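First up is the structure itself, then whatever we jot down about it.
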Amino acid sequence: MHTIIDRTEFDSAYPDKRAISNIKIDTPLATRARLVGLAQSHPAELVEFNAGDLPISVSADSIPEAGMSAPETIEKIGMVNSWMVIRNIEKDPAYRELAHGILDSLKETIERETGEMMRREAFMFISSPGAVTPFHIDEEHNILIQIEGTKTFTIYSQHDRDLASQTDLENFHSGAHRNLKLDPELAGRGEAVHMEPGTALYVPPLAPHHVKVTSDVPSLSLSITWRSESSKRTCYLHQINHKLRQKGAAPAFPGQSRLGDNVKIWKESAAARLNKVVGRNA
């Protein structure tokens, strides 16, 4: 089983701070040849293509299509500027065993701090030399493992509202795209983490980041994600706040008042139950 090596930083940082650990990935599953077969058999809607020649800050509407199939992208990734992700590779039994085995090596710390790991998922990223993943946020806890090539992963604090405002987070959790605008004057607030084969980086939920491949060979990386009760609760509260803001309210940020958050959740749940009853009786 593949396990995280030297978890000292992860154990002390989780769940609120980024942490760098190490892991040795030695399996045919983590090769481009094997990923061609996976991409061909995987559901098409779970394979995402992106042009790699992008600025750090770019809107979702401005991203051009890559224009190649998954096998073509993987085979030619060193000659074209693009990146792709094969989503939910845990649907394949072999990849599920790989991803879950890595998470199980961190299970004691994770479950002590945030309880059960929910909705465990895995993604494989294949990127050309120089490819950029624009500034964005994700809602999950994430372990990103570098397998081939090198990249710079620039990460920002999830508590910095200048970078991701409360309204940005409410919109994101209510269906808006993950990409955010990065003010050049704020770009220096990030921490640039150098990732090389064997680097495992923990990224907290909603920590903004952007990524650039720095090697002259393609980058291959494995992302393993999960949700917790706290991350799911935060997501739900942002969704509730989004509805309240549309009605003219100025809701408090999740976590400022445990009682206030509980009241919001109770009211939203009660309204949902009432609507369900009305719908059945209509």
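Points to keep in mind about this one:
- Comparing mean-square fluctuations of A122, A13, A249 from a GNM of the chain with C-alpha springs under 10 Å, the top value falls on A249.
- Extension gain, R34 back to R245 (0.36 nm per residue minus Cα-Cα distance, nm): 71.2 nm
- The protection proxy used here, the mean number of other Cβ atoms lying within 10 Å of each residue, ranks peptides 4-10, 163-169 as follows, highest first: 163-169, 4-10.
- The chain, relative contact order in percent, only Cα pairs under 8 angstrom and at least six apart counted: 23
- Reachable aspartates and glutamates from K243, criterion Cα separation under 12 angstrom, eight or more residues apart if same chain: E170, E268
- Cubic angstrom per residue, convex hull over Cα atoms of segment 141-282: 147
- Charge dipole magnitude, Cβ of K and R +1, D and E -1 - segment 4-227, Cα centre, debye nearest 20: 280
- The lysines within cross-link reach of K24, meaning a Cα-to-Cα straight distance under 25 Å and a gap of 8 or more places when in the same chain, are K91, K107, K151, K212.
- Between P184, H141, L29, the Cα set farthest toward the positive side of the dipole of the chain (charges on each charged residue's Cβ, about the Cα centre) is that of H141.
- Residues in segment 123-140 carry Karplus couplings, in order, of 9, 10, 10, 10, 9, 6, x, x, 5, 10, 9, x, 4, 7, 10, 10, 8, 8 Hz; the curve used is 6.51 cos²θ - 1.76 cosθ + 1.60 with θ = phi - 60°, and Gly or Pro positions show x.
- Footprinting exposure proxy ranking of L244, L35, fewest other C-beta atoms within 10 angstrom first, gives L244, L35.
- Rounded to the nearest whole Hz, the Karplus-based 3J(HN,Hα) values (6.51 cos²θ - 1.76 cosθ + 1.60, θ = phi - 60°) of segment 168-176 follow the sequence 4, 5, 4, 5, 4, 6, 9, x, 6, with x at glycine and proline.
- Taking 0.36 nm per residue of sequence separation and removing the Cα-Cα distance, the H194/R161 pair yields an extension gain of 9.4 nm.
- Rg/Rh ratio calculated on Cα atoms of the chain (Kirkwood radius): 0.99
- Top positive-direction residue, dipole computed over the chain with Cβ charges, set M118, Y156, G255: G255
- Between helix 229-246 and the chain: long-axis angle, C-alpha atoms, 0 to 90°, nearest 10: 60
- By other beta-carbon atoms within 10 Å, ranking F253, F49, F135, F123 with the fewest at the front produces F253, F49, F123, F135.
- Cβ-Cβ FRET estimate between D216 and A270, R0 fixed at 45 Å, reported to 0.05: 0.20
- Each principal axis of the Cα cloud of segment 87-137 was evaluated for its coordinate range; sorted largest first, these ranges are 38, 27, 16 Å.
- Extension gain for A187 to E9 (0.36 nm times residue separation, less C-alpha to C-alpha distance): 61.6 nm.
All of the numbers you see were taken from the coordinates with simple rules; none came from a lab. The structure presented is a predicted model; accordingly, all values stated were derived computationally and were not measured. We place every Cβ from the backbone using ideal geometry, glycine too, and count neighbours over all the protein chains shown.
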